[in-house]
Structures are given as C-alpha cells and as structure tokens.
Protein chains: 2
Amino acid sequence: MSASPPLTREVDVPSGAPARIRTPSVGDPRLARLSLNQRTTAEWSLREALDGAVAAGLPAIGLWREPVQEVGLGTAVELVRDSGLRVSSLCRGGFFTAEDEDQRRRAHDENLRALDEAAALGAPTLVLVPGGLPAGSRDLVGARTRAAEAVARLAPEARARGVVLGIEPMNPLYAADRGVVSTLAQALRIARDFSADEVGVVVDTFHLWWEPEVLQTIRSAGDRIVSYQVCDWITPLPADTLLARGMMGDGHVDFAAFTAAVADAGYRGDVEVEIFHAEVWAAPGADTVATLARRYVELVEPWLGT
Amino acid sequence: MSASPPLTREVDVPSGAPARIRTPSVGDPRLARLSLNQRTTAEWSLREALDGAVAAGLPAIGLWREPVQEVGLGTAVELVRDSGLRVSSLCRGGFFTAEDEDQRRRAHDENLRALDEAAALGAPTLVLVPGGLPAGSRDLVGARTRAAEAVARLAPEARARGVVLGIEPMNPLYAADRGVVSTLAQALRIARDFSADEVGVVVDTFHLWWEPEVLQTIRSAGDRIVSYQVCDWITPLPADTLLARGMMGDGHVDFAAFTAAVADAGYRGDVEVEIFHAEVWAAPGADTVATLARRYVELVEPWLGT
C-alpha cells in the first residue's frame, strides 16, 4: 500500500517492523560515539561482542566483569587491545548496602578487584550499582547511608587507579532489590562530596526518564556525568522486571530531550546502548547491533552536539 | 515445635501464615482511624463493603466512583448514612493529561461530576490520579504541565463544594501509563500554588516509600496531607504491575517511619488500607478485612500519635 518502496529489507529487533532508515556503514561518522554495552548482546562471548561491534563500525564497548572473567583478565586486555575498541565503562561494582560489617568489607575488597580490572582494561569508569535492602530489612535510610559510606571508602582507591566511580541511580522499581539510589539528584548529592575525577554519576534513560526536573538536573551535573546509557521504558512492563529495558524508540523515553541535556552538561564521552530484554537477547547479535545502530543514529546521535 | 500455643487459629491473607496477633474486636480504640478502601475488597459491592467494614469495627470507608455509580449516587448516599461510617475519600478524579483540548474539557467536566459526588457522599477529599502520557506521546514535561493546569482549573470548583483535591503522586512505575506526578515533592510544588483547603496531597506508602528524603518532605507537608493510604511494596513484583500493592508487613515498607512522619506533619485523619493484589481479591472479604485490621494495629496504628 506504500507509495514508495522500503529503504531496506532489514527488520528491527525485537519489534519485527521494517527498519525506518538504512543501517549505518562502517566508517559512518555518526557512529563515532556509539558503544555496545555487552549485556545488550548477552549471548555473545567477549570475543564475539568485540568482533560484532567492530563489524558494525562501533568504536567502543561497555564491558561486564563476568564475561571478562570467563576468559581471564589478561586475555581480555589483549582481546580488547587487538580489537582497537575503546572501553567506555566496566559494569559493575557496588552492592555495598549490607548491614553486616564483614559482608561490607568483602564488598569493598570485591570493588577493589573491579577497580583493578577497570584500570587494566582502560575503562575510564566503574559503574556502581548500589544494591538493595538487605534481606528482611526495611531500613532504606540506613541502606542509603551505607552506600554513601562505601563510596567514600572507595573514592581514594579509584583515584589511585585513574578510574572514576560512576554511581548509577536506578529506577525506583529496583529500590528494594537492586539499587537504593533512586534519582539523579540523590546520586549527585553523594558524588559532590568528592572531586569529579573520583566520583561521578551514570545517566541512564531507563532509570531516570520519569524524574521530575531531570533535564535541569542533568544540565547542572556538568563534569559529574561519566557515562550516558540509553534504552527505552516500555509498557506493559515485562513480567520479569529485570528484562524490561527496551530498544530505543519502542517506548516512552524522549531521547532528544535527554540527549540534548546531556550534551548541554558538556558530556563528550561514548553513549552505551544497554538493553535487557528477552526477545532482544534471543535475536542474532548482529541483528540487534544493526537495529540499535539505526535507532541510535535516528533518535540519539542528532542531539549529541559536537 | 512452638513452646506456646498460637494466639489464634486465623491465618493472614494472602500469605497463609498464622496471624501474629488477635483480630481487634468491634469497639477496639485502636481501630478509631482505620478506613477500608473499597478496592481492597474489590469483589464486594458497596453495600457489602459497608457491611463488612461495620462488622469488623472500622469507622470509615474510602469509596470508589464505579461501585457508587452501580447503585446510583442517591442510594449510595443513603447506604453510607445508614452505615454510620465516615467517608475518608472518594477515588478518583484526574486523568487530565490529554493533548487534545476537547478531551481535556471532557476530563474537566467528569471531574466536576466527581466533585459533586464527593460532596454528596461527605468525602472530604477527591483523590486525583493525574493520568499518564497520551498515546504515542513522549512529552512528559508537557503532560505534567497540563496536569498542573487542570488542577488550577478545578481548584475553585473544589472549594465551592467543600471538597479538597488530593493530588496522588504515583510510583514512577506508572509514570507512562497512569500518573505523571511521581514524587511527593513534585505534588507539593503543584499544591502550594493554591490554599490548603483547595489542594492537598495523598501520601501512599506504595507510591512513595522509595523517594529520597521522603520522611522530611512528609514532615514539611503539614496540612497539605489530605489522605494517608497504606499498603506494601512487595518483591518480586507481580507480573501485572497494577496488582502489585501488597498487604502491610509482606514487603519492604517501613510503616513505623512513614506513619510517624505523617503524624509529625499533623495529620489526624483516617488511614486507608488500599491493596490491589490478585490473591487478596480472591480471598473472602471478611478474611481480608480481619488481616488488614491486625496488620494495621500491629504496624501502623502505634505510630499515629494522638
């Protein structure tokens, strides 16, 4: 019924709809800041993810500790170097809200290992997921205090390694079981007790799209923004809320407004696409990467500024 | 294996666990501010809900428009009067975020009818659920602006009827599809453009338990709090997120801290138990009311102050 033929035979993941634009080619300058967060192609090994990103013309990758550890840190460092990709961040440290002091000490030690890995991999930022309420606890105020204290203990260690801690405020959906830092404003209050080369914040559209005044708060964050991660808030929310992060354009997020605010704040780093979605994970990785590259150049990149 | 016999043979809804305390009897002074929100016993008609509340010794009920309209407003007014119960609030007006002006005018007219009903029923407050993003829209800032404008248009109408508008900030879980006002702080910013006898806020533990600094914000709200609604945030979140509101004590909410803050703010009104949960709805209404009365006197009432 269409008056003009489709531009491409490709279809988007996971919607199955025809692609609205051509997939950008390797060398396309619009890809210059696009990073594949490894979890978006969760079925891929580290080597496959590096190869897939390179094949699609992406210049950067956001790594996760588990697939790095699968091959061993030394091998991972070599694979990354051979790929020529930048590492935009390492996910993830944190999980430091335990009430038990021994558990918190163990979490701190684990975070030191994560910082060592980030430094070895050349990741400028270690993303910190604070953790939820300890089992059986209802003391959210206490958990938040312990999260801030844990950041304070890690900050000099991060600085010593040349890695910036990136506090990731998480959608309140996860406040009980994953992340007790719930707004960008709250994350910034914690970060500003430290210098910007020690502690910053992660701006993730899924987590923050609903926050009142968030565009102003982003603009005020300045050099505290150490990572910009994009994916969409989709409804109805999938039954497994950990797999609710959708492909950009499939949901309710205003990527133009968010991205322009991040650019106004002065952020010039990579933009990670981080999607957790059962159907995305079930798709061939190359199709997922092609879709996210299209959606990125359509919905995000035009607003990134210079 | 227990050293002492259980206090009661009753079991809680929906956990099936033995009741921890005896069910308070009719006339128990601890029930003096407990209100049954009608949706908690969704299977009950208006008459059944009134009878059930009276039988359990509750002095108040929170009404919903749909079951009121089922019997007709005049009959509902008579039934409520005959029951001797206070009406703690009427749910719900709002849904005024449409982009289309005609739709917004229709929403306004519908809200006038809701205000008339609230006045006729003796409800001091009409609870306002703002509504989500219009279909296909990603303009959350615009939707929030329209919500505030709609409140401004309704405020003099509410005052003329002796009903206070209660803006209900909703968990960000619902920001896209139900309520674009997401924090108590945001609701208070809207309310404070009006006098306290025109526009107030609803404090609902499910919606607000995660909000940073919420206890301080509650204390600062003073006479703006026109309704206090309790239920719990449970994990894992049920697949249907509209049915995720759990029985107090089954989840992560710190009712002592919340209730003490509401009391410190000076709130002396009724406390509505509003639960949306498939298994609660499937249970016999009387068992649900007995459970919520026990949980209320255990977890909420001790912190209400005088």
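The values are calculated or read from the model by the stated rules, or taken from the named source; none is laboratory data. Everything numeric in this text was worked out from a predicted model, so none of it was measured. Here the Cβ is made from the backbone with ideal geometry for all residues, glycine too, and neighbour counts use every protein chain on show. Areas reflect the complete protein model, heavy atoms only, side chains present, ligands, DNA and RNA absent. Shrake-Rupley method; radii C 1.70, N 1.55, O 1.52, S 1.80 Å.
Label-point distances for A:GLY162 to the equivalent site in the other copies, using a point 7 angstrom along Cα→C-beta, read 7.4 nm when ranked shortest first. Nearest-to-axis residue in chain B, judged by Cβ distance to the rotation axis that brings B onto A and given in whole Å, is B:ALA239, 2. Here region A:6-59 and region A:122-197 have alpha carbon centers that stand 31 Å from each other. Of the solvent-accessible surface of the protein assembly as shown, computed with a 1.4 Å probe over protein heavy atoms with every protein chain present, carbon and sulfur atoms account for 52 percent.
Between B:ARG219 and B:ARG113, the distance separating the two model label sites (each 7 Å from Cα on the Cα→Cβ line) works out to 4.4 nm. Taking packing as the residue-averaged number of other Cβ atoms within 10 angstrom, the listed peptides B:117-128, A:18-29, A:241-252 run from highest to lowest as B:117-128, A:241-252, A:18-29. Remark: mean inter-chain Cβ contacts per residue of A:208-220 equal 4, using a 10 Å Cβ-Cβ cutoff to other protein chain atoms. The angle separating the long axis of helix A:101-121 from the principal Cα axis of greatest extent in chain A is about 40 degrees.
Relative to the longest principal axis of the Cα atoms of chain B, the long axis of helix B:73-83 lies at roughly 30 degrees.
P(r) tail for region B:101-163: Cα pairs beyond 19 Å make up 34% of the total.
If you wrap the Cα atoms of region A:15-128 in a convex hull and average its projected area over all directions, you get 8.8 nm².
Ratio to report: Rg/Rh of region B:59-125, with Cα atoms as the point set and Rh obtained by the Kirkwood method; give two decimals. Walk me through the numbers on the way to the answer.
On the way: Rg = 13.2 Å, Rh = 12.5 Å.
When Rh is taken as the Kirkwood radius, the ratio is 1.05.
Between B:GLU99 and A:ASP193, how high is the FRET efficiency from 1/(1 + (r/R0)^6) when r is the Cβ-Cβ distance and R₀ = 51 Å? Nearest 0.05. Working from the Cβ atoms, E equals 0.75. Which percentage, to the nearest 5, of the DSSP beta bridges contained in the protein assembly as shown is antiparallel? Antiparallel bridges make up about 10 percent of those DSSP assigns within the protein assembly as shown.
Using the Cβ-Cβ distance between A:ALA55 and A:ARG30 with R0 = 25 Å, the FRET efficiency computed as 1/(1 + (r/R0)^6) comes to roughly 0.90. Computed from protein heavy atoms with a 1.4 Å probe, the total accessible area buried between B and A is close to 2400 Å². In nanometres and ascending order, the distances from the B:ARG22 label point to those of the other copies are 8.1 (point 7 Å from Cα along Cα→Cβ). Counting only the Cα atoms, the protein assembly as shown fills a convex hull of 172 Å³ per residue.
Placing a label point 7 Å from Cα along the Cα-to-Cβ direction at A:ALA120 gives distances to the equivalent points in the other copies of 7.4 nm, listed shortest first. Label point 7 Å out from B:ARG106 along Cα-to-Cβ: which residues of region B:165-183 have amide N under 16 Å? Answer for region B:165-183: none. Taking a sphere under 11 Å around the Cβ of A:ILE21 and counting the other residues whose Cβ falls inside, with K and R at +1 and D and E at -1, yields a net charge of +2.
Using only the C-alpha atoms, the convex hull of region A:178-306 corresponds to 112 Å³ per residue. Send over a whole-number figure in Å² for the accessible area per residue of region A:29-303, probe 1.4 Å. Accessible area per residue, region A:29-303: 34 Å².
Of the peptides B:87-99, B:38-50, A:147-159, how do they stack up when ordered by the mean number of other Cβ atoms within 10 Å, highest first? Could the numbers behind the result be given before it?
Details: B:87-99: 24.6, B:38-50: 21.1, A:147-159: 19.2.
In decreasing order of mean packing, B:87-99, B:38-50, A:147-159 become B:87-99, B:38-50, A:147-159.
In whole percents, the pair-distance distribution calculated for region B:29-303 from its alpha-carbon pairs, binned every 10 Å from zero, is 7, 31, 38, 21, 2, 0. Over chain B, dividing the summed -39,500 (n - 2.57) contributions of all DSSP H runs of at least 4 residues by the number of residues returns a 222 nm mean residue ellipticity of -12000 deg cm²/dmol. Taken along its three principal axes, the alpha carbon spread of region A:117-268 comes to 43, 42, 30 Å, from the longest extent down to the shortest.
For a Förster distance of 25 Å, can you work out the FRET efficiency between the beta-carbons of A:ALA17 and A:SER45, rounded to the nearest 0.05?
0.30
To the nearest ten degrees, helix B:140-161 and the longest principal axis of the Cα atoms of chain B are 80 degrees apart.
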